[in-house]
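Read through the structure below, which is laid out as structure tokens, and then see the notes.
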Amino acid sequence: MLKAPTPEVDTGEALPLLDVRDLTVEFQTRRGIVQAVKHVNISLAKGETLGIVGESGSGKSVTSYAVMRILDRAGRIAEGSVMFSNLDLRKIDESDMRDLRGREMSMIFQSPRLALNPIRKIGHQIEDVLLQHAQVDAAAVSEKAVEILEHVRIARPRERYHAYPFELSGGMCQRVVIALALACRPQLLIADEPTTGLDVTTQKAVMDLVVELTRERGMSTILITHDLGLAAAYCDKVIVMEKGNVVETAAAEAIFKSPEHPYTRKLMRATPRPGIALRDLLPEEDAARAGPIGSKTASASAPLLKVENLVKEYPRQGVTSSLKKLFKRGPVPESEIFRAVDGISFEIARGESVGLVGESGCGKSTTSMMLMRLIDKTSGTITFDGEDIGSIPAKTFATLPQRRRIQMVFQDPTDSLNPRFTAARAIADPLLRLSDISRKDLRARCEQLATQVGLPLNLLDRFPHQLSGGQKARIGIARAIALKPDLVVLDEPTAALDVSVQAVVLNLLQDLKDTLGMSYLFVSHDLNVVRLLCDRVIVMKTGQIVEQGPTDRVMDMPQADYTRDLLAAIPHPPI
Amino acid sequence: MTDTTSIAPTPTAAPQLPSDGPVTAPIPTPGHKPEQNSIFAHARYIAAENPVTGLAFALFALIALCALIGPYIVPHDPLASDTAAALQAPTWKHWFGTDQLGRDIFSRVVVATRLDFIIAVTSVALVFAMGGFAGIAAGYFGGWTDRIVSRVSDTIMAFPLFVLAMGIVAALGNTVTNIVIATAIINFPLYVRVARAEANVRREAGFVQAARLSGNGDFRILLGHILPNIMPIMMVQISLTMGYAILNAAGLSFIGLGVKPPTPEWGIMVAEGAANIISGEWWIALFPGAALMVAVFTFNLLGDGLRDLVDPQRRT
Amino acid sequence: MLTTIGKRLLTVIPTLIGVVIVTFLLTRVLPGDPAVYFAGPAATPDSIAEIRKGLGLDKPLPEQFVRYVGDLSHGNFGNSLSTGRPVATEITSRLPASAELTLLGLIVSLAIAVPLGILAAVKQGSWIDHTCRVVATAGVSLPVFFTGLLLVYVFYYQLGWAPAPVGRLDAFVTAPPTITGFYLFDSLLTGNLESFWSSLSQLILPVMTLAIFSLAPIARMTRASMLAVLASEFVRTARASGLDTRTVIITYAFRNAMLPVVTTLGMVFSFLLGANVLVEKVFAWPGIGSYAVEALLQSDFAPVQGFVLTMAVLYVALNLLIDILYGVIDPRVRLEG
């Protein structure tokens, strides 16, 4: 839908713009030399958009750094050739290479805020590039910089020229990074995860902008991403990498319709998309082994959790306000207050799983922290199984018996495990504190829980740094279900995981819910994932609920404009 | 964690799901501690890559030995003066020469190790207990605890530290105990700062939230979860401030505070030799000064080595 | 910008109050009776009581504190017991000597340490890098009074290049008239070249001593923060945009790397002001440090108290200056609030 049209003049056949042959990149590490990229071939025609897709550690970013010759000190190109329109990039010297960078080939990095010099005005950063490559003379350079900012759709460019990166939003920073990359009208643009960490609506705006600008200039683009859907939606051709090897190269439609390599098949299946069920994420044989998903167990009796008019306010940060507070000591004026959660009401039934969706800063995390009784509300009620738990201070809640009935799975599996605790100790922690299990039975219970979450028993005595991300996620889940809670809040439990691991973990969560009869509140920014796991969805924006209802209804017939925007922004692979 | 061999009761319908991570590493036997193993491996790696750290460990052993048994092995009485043999340059009889009173400098340097070592160790232990505790509490609880601790620490930091130590010793009285106290007080902000920052970042860490959900109270979280994670960094801090404590104590006795002659102490010995430098009798000040330097150097290297051990990322 | 500075000035007030309280308390925790001290060894109980009354020591602590603050606000630091002269005038007349020494020491050490740290980071693993590491570790390990003595032995006794360590000027040279109090400036302003050379040659060794001492933390910090910045994403972006090495290192890396170095300067000043006392003793420098040390050994407390207070106020002012400098470099601080 958003693809660049095939160039009319077929220059691609005769001479590719970029031709990488047999590229091997080595890194000097403590364990000796490691090959991060192995014998990779890439051919990119003029005006073509190529996607490089792979999970973490596949070597996709290293490949592009090698092309740009900006590998860090430990890395080097060991073998192969990199031809850029008749120039052998391995042979030319560094000053010529520097001349090419930014002028003929440029790059956009992930985390746009970090990619900009934090203490230099953005206008000056664009000028640096323009002057370096002698695009304009010094007198006209600031005009040119403003013009470029205008091209990337930055409103009030003349004003923003004087802005520092910290004064701009993430999406705006990424536009500035794009402006830097395209300032000298290069022939090749490499975009390395350009939208990771951006909200889905911002992601769409940024990607559309990149496509439009590169198309109108007839540029070639390499899009590096972990998101197969994103690559398929925006690219002509897709390369799939695994552990430093290219496993498949094909046209974008072909990759989704008839993936050849088993890894591509697995990756494709694991990508959440509309019209599939949870089991479809798993490889065929595993899906068959896992069996069908239990029927929905949500009961219509009294709700387990009832939230009414919940509000959380924070004072605005800043020197002025704290100084004022120091001297005045009066009630804080209205404008000093920021409402993170602004009067929301909803219910969760027993055995139901409810999705809480919204973009960053919408108040979904604050809501979940209040439900968990980790922070105190400003006003409103939280009723859990008929008891008003919202009025119990968060400070004292930790040691109360109610604590065991509400548990949580955290976003970052690494951060949520104590680095000094073994897996078994981590799982045992809630049992030791909140149950009267005897020391004798403790180990057995840990092993039982480990089996339940599919963690091999021989890993129980390992420390977090000796485990993979998926294994750590399983420990976090085992810990959360150890006390057989009634409600589990899942705070983006798969956001830090690769898609194939995410597929497994999502299925595990579904199965645990079916066997243990828990309720879930699933906090996520990813509507496709929510669709697979949840019975009902709540959509939040700036602290308020804009829409809630059964998943299918909300996803297929959204009532609120904002929900429609969210859905439209998800990249849809061509199926 | 007993009885790892017992068979667990059959879990309720374990879902048959594929494993997601490589399970290739060797299976640890029960009771085996993989963590310790990896720390030793890491230490070996660091020692192999950086022999200087190995040297630091050897020097540390030497200093500790001198402090322990120094007074029993020295060839001369460190206090015995012999005016006939005054101001002799180093000879086979007096390896480091003799001072104005004919005392053997080698013996005095070795014997002094114990006093300097004790001053440094006790002051560091004192400040570790006070500053470490105050800092962790400030970082974890925030609010008034934090405000009070930070205010005290900021007030100490408002003085140039050595100058404050001079003032404290002058006020409390000119004794070795007060040197220890002054050294501890001026190091207080450094400990508070490190402990507070580390506790503060961990306060909101996922694993602390998780511990709270598991029913741990504040006290248990502080001692059981946060403290063990901060200890390695505090150990580095101890090693680094140890050198500073020695320098500080020696500086004070150099200007005539604390230790009284004729007690052998490195700082005061350098002061005694200072006047003779311009007439060419270099050995009186050089050897105690060099001993001081080696001791401080050792603790600094040790601190760097420990830091590598604790956090390879922060190597500079 | 001006409001930011104004706000920062406000934060100095509680610090200064803390400093005054601490210096006040230092006198009151004296184990002996200050009145006995002040009365001297030949005092009778009557004269001690009289002195106690004269000093206000018979009043309750808060009242004594008010009196102390009142004295300070009039620039009254009390009188020295041994010389009988007012502490304030003594400190004012000696301060330029200490300031000249300390500031020169800092300038020299910055001039060496910052380029060294940058080169070490840019050419990581080269001989410059190794030199930097050795200098950094050795520098912090050297007791500053010991370095001073070594320099005297080598450059005065052995080589004879430096003059004897006898103070700010050679014995036969007359001091220039006091304009700024800094001999280097004053002698140049009055065209007295002889005393300029004399004071310069007297300054070289003590300045070197201080520079060697403060070199280490600055070089270490510069190197570390330069390395961190060079590995950052925005430097990678700058390199990927083809900016030349000079622009990348100076405009992009160096200015960012300076932020933590400027913060470290506060700590370096703290060390320098302390080390200054020791260096003054080694080189018989007539500054406020040696004044305090002499008084200290005679249990003459008023000069020590005045010295501690002066140093603290100076240090607070220096920290204020550092914060303002930080705000000039970093727009994020400038625009806060």
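Computed values, structure above
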read-out: Per-region count, segment B:170-180, residues surrounded by 23 or more Cβ atoms within 10 Å (Cβ to Cβ) and more than 7 Å from every other protein chain (Cβ to nearest Cβ); value: 2
read-out: Conditions (1) more than 15 Å from the chain's Cα centre (by Cα); (2) modelled with pLDDT under 85: number failed by B:Ile221; value: (2)
read-out: Verdict on C:Ala175 being outside any helix (DSSP H, G or I), within 25 Å of the chain's Cα centre (by Cα), farther than 29 Å from B:Gly267 by Cβ and hydrophobic (A, V, I, L, M, F, W, C); value: yes
read-out: Residue check, A:Gly380 more than 9 Å from chain B (Cβ to nearest Cβ) and modelled with pLDDT under 90; value: no
read-out: Single match in B:Ala138, B:Ala129 (criterion: away from chain C (no Cβ under 14 Å), part of a helix (DSSP H, G or I) and touching a Lys or Arg at 6+ places or on another chain (Cβ under 9 Å)); value: B:Ala138
read-out: When residues of segment C:100-154 are limited to those that are within 30 Å of B:Pro288 (Cβ to Cβ) and small (Gly, Ala, Ser), the one nearest to the other protein chains (Cβ to nearest Cβ); value: C:Ser141
read-out: Residue ID - surrounded by the most Cβ atoms within 10 Å (Cβ to Cβ), chosen from residues in segment B:234-263 that are small (Gly, Ala, Ser) and at the interface with chain C (Cβ under 10 Å from one of its Cβ atoms); value: B:Ala250
read-out: Residue that is aliphatic (A, V, I, L, M) and within 14 Å of chain A (Cβ to nearest Cβ), where the choices are C:Ile204, C:Ile212, C:Ile249; value: C:Ile249
read-out: Test for C:Glu233: is it within 10 Å of another protein chain (Cβ to nearest Cβ) and of a type in the set (Asp, Glu); value: yes
read-out: Flag if C:Gly167 is free of Cβ contacts under 8 Å to residues at least 12 places away in the same chain and at positive phi; value: no
read-out: Qualifying positions in segment C:232-260 - touching an Asp or Glu at 6+ places or on another chain (Cβ under 8 Å) and surrounded by 19 or more Cβ atoms within 10 Å (Cβ to Cβ); value: C:Ala238, C:Ser241, C:Gly242, C:Leu243
read-out: Any hit, segment A:110-118, residues being more than 31 Å from the chain's Cα centre (by Cα) and either in contact (Cβ under 8 Å) with a residue 24 or more places away in the chain or crowded, with 21+ Cβ neighbours inside 10 Å (or both); value: no
read-out: Among the residues listed as B:Glu265, B:Glu272, B:Glu281, the single one being acidic (Asp, Glu), touching a residue at least 40 places away in the same chain (Cβ under 8 Å) and more than 23 Å from B:Ala67 (Cα to Cα); value: B:Glu281
read-out: Residue in segment B:191-213 that is farther than 30 Å from A:Ser365 by Cβ, crowded, with 22+ Cβ neighbours inside 10 Å and not β-branched (Val, Ile, Thr) present; value: yes
read-out: Flag for C:Ala238 being among the small types (Gly, Ala, Ser), within 30 Å of A:Pro112 (Cβ to Cβ), within 14 Å of chain A (Cβ to nearest Cβ) and in contact (Cβ under 8 Å) with a residue 12 or more places away in the chain; value: yes
read-out: Residue match in segment C:70-88 (condition: at pLDDT 80 or above and closer than 30 Å to C:Ser214 by Cα); value: yes
read-out: Residue tally, condition more than 7 Å from chain B (Cβ to nearest Cβ) and free of Cβ contacts under 8 Å to residues at least 60 places away in the same chain, over segment A:468-481; value: 4
read-out: Identity of the residue in segment A:129-156, in contact with a Cys (Cβ under 9 Å, 6 or more places away or on another chain) and either small (Gly, Ala, Ser) or assigned to a loop (DSSP other than H, G, I, E, B) (or both), that ends up modelled with the lowest pLDDT; value: A:Gln135
read-out: Residues of segment A:81-115 satisfying the condition of being among the aliphatic types (A, V, I, L, M) and under 18 Å from C:Arg236 (Cα atoms); value: A:Met97, A:Leu100, A:Met105, A:Met107, A:Ile108, A:Leu114, A:Ala115
read-out: Matching entry among C:Leu101, C:Leu116 (being surrounded by 19 or more Cβ atoms within 10 Å (Cβ to Cβ) and under 22 Å from C:Leu200 (Cα atoms)); value: C:Leu101
read-out: Any hit, segment A:400-415, residues being part of a helix (DSSP H, G or I), more than 8 Å from chain B (Cβ to nearest Cβ), over 22 Å from A:Ser353 (Cβ atoms) and under 32 Å from the mean Cα position of the chain (by Cα); value: no
read-out: Residue within segment A:54-62 that is part of a strand (DSSP E or B) and modelled with pLDDT of 85 or more present; value: no
read-out: Meets criteria (farther than 29 Å from B:Tyr140 by Cα, more than 9 Å from every other protein chain (Cβ to nearest Cβ) and not hydroxyl-bearing (Ser, Thr, Tyr)) for B:Glu281; value: yes
read-out: Residues (facing chain C (nearest Cβ under 8 Å) and of a type in the set (Gly, Ala, Ser)) located in segment B:141-164; value: B:Ala158
read-out: The one condition in (1) within 19 Å of the chain's Cα centre (by Cα); (2) at pLDDT 90 or above; (3) surrounded by 24 or more Cβ atoms within 10 Å (Cβ to Cβ); (4) more than 14 Å from chain B (Cβ to nearest Cβ) that C:Leu278 fails to fulfil; value: (4)
read-out: Test set (1) over 16 Å from B:Val208 (Cβ atoms); (2) polar (S, T, N, Q); (3) facing another protein chain (nearest Cβ under 8 Å) - A:Ser435 fails condition number; value: (3)
read-out: Any hit, segment A:509-519, residues being more than 8 Å from every other protein chain (Cβ to nearest Cβ), touching a residue at least 12 places away in the same chain (Cβ under 8 Å), at negative phi and within 21 Å of the chain's Cα centre (by Cα); value: yes
read-out: Matching residues, segment B:208-229, being under 17 Å from A:Val409 (Cβ atoms) and assigned to a helix (DSSP H, G or I); value: B:Val208, B:Gln209, B:Ala210, B:Ala211, B:Arg212, B:Leu213
read-out: Lone unmet requirement of (1) within 12 Å of C:Val229 (Cβ to Cβ); (2) modelled with pLDDT under 90 for C:Ser270; value: (1)
read-out: Residue list for segment A:71-86, filter: outside any loop (DSSP other than H, G, I, E, B) and in contact with a helix residue (DSSP H, G or I) (Cβ under 8 Å, 6 or more places away or on another chain); value: A:Gly75, A:Ile77, A:Val82, A:Phe84
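The values are calculated or read from the model by the stated rules, or taken from the named source; none is laboratory data. Quick caveat: nothing in here was measured; it's all calculated off a predicted structure. Please note: Cβ atoms are built from the backbone with ideal geometry, for glycine as well, and neighbour counts cover all protein chains shown.
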